[in-house]
């Protein structure tokens, strides 16, 4: 069922006015929705509304609320991804799949072996945020993750207090991600940061940074994975291991 984000100010008792031009164009022009069809709407408070189109006007539509409830389509903790951006469509795939898997935000980080120049990354932030928005609609997320501005490792780690920080590395690893998560299970309301490097891997300076800051360096196993595959597998494993 089509799913759209709205603002709670548009909710009036048992009806909702959908006046956002993007939503209106998608619902009326692209989907060619008709009176009587059902829509799922969700506001910034993560309240999901099952609605039925009552009236379609020139610039807006009015829907009746059939049912409303708190959305459960979110992780019970905040998972952040700090990742050195890849070239071309590989990064879009990462952004899309990270959104589907429930991350609260993505930090593009500029590492020593980063595949892209800083100005190129900065120009892509808005596009990646739009990708997050579209993916959130498609998978009926309760909220929209944030694509943060380009940062360094140190800036990300100091940006907020994390309960767990994990670095996925190709060498100097101490244990597997699976072993770490089973020894250190993720609890409700925790903030977790997972750090993944570029295709060329982390530099010796970055490995030393992890050591000096007591950040566990973990492995996904013996298989050689492409960078975009490693991101998806890592987040998927975290989500799986945290299911109660």
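Only residues that are in a strand (DSSP E or B) and under 20 Å from residue 157 (Cα atoms) were counted in the stretch 62-103, giving 6.
Among the residues of the stretch 19-45, those that are exposed (fewer than 15 other Cβ atoms within 10 Å of the Cβ) and within 30 Å of residue 187 (Cα to Cα) comprise 44, 45. The single residue among 123, 83, 138 that is assigned by TED's automatic domain parsing to the domain that holds residue 205, surrounded by 13 or more Cβ atoms within 10 Å (Cβ to Cβ) and more than 23 Å from residue 226 (Cα to Cα) turns out to be 138. Before we move on, is residue 157 closer than 18 Å to residue 108 by Cα and in a helix (DSSP H, G or I)? Judged against the criteria, residue 157 is a match.
Of all residues in the stretch 56-67, none satisfies being surrounded by 14 or more Cβ atoms within 10 Å (Cβ to Cβ), closer than 25 Å to residue 104 by Cβ and modelled with pLDDT of 95 or more. Counting only strands (runs of 3 or more DSSP E) wholly contained in the stretch 1-44, the ones carrying 2 or more residues that are closer than 20 Å to residue 136 by Cβ and out of contact with any helix residue (DSSP H, G or I) (no Cβ under 6 Å at 6 or more places or on another chain) occupy 38-42. Can you find even one residue in the stretch 174-190 that is under 17 Å from the mean Cα position of the chain (by Cα) and either farther than 20 Å from residue 239 by Cβ or touching a residue at least 24 places away in the same chain (Cβ under 8 Å) (or both)? Yes, because at least one residue in the stretch 174-190 is under 17 Å from the mean Cα position of the chain (by Cα) and either farther than 20 Å from residue 239 by Cβ or touching a residue at least 24 places away in the same chain (Cβ under 8 Å) (or both). Looking across the stretch 105-134, just one residue is under 22 Å from residue 79 (Cα atoms), assigned to a loop (DSSP other than H, G, I, E, B) and in contact (Cβ under 8 Å) with a residue 60 or more places away in the chain, and that is 111.
In the stretch 188-234, what residues are touching a strand residue (DSSP E or B) at 6+ places or on another chain (Cβ under 7 Å), assigned to a helix (DSSP H, G or I) and closer than 22 Å to residue 94 by Cα? Scanning the stretch 188-234 gives 230, 231, 234.
The values are calculated or read from the model by the stated rules, or taken from the named source; none is laboratory data. Just so we're clear, the structure is a prediction, and the values are computed from it rather than from any experiment. Backbone-built Cβ (ideal geometry, glycine too); neighbour counts: all protein chains shown.
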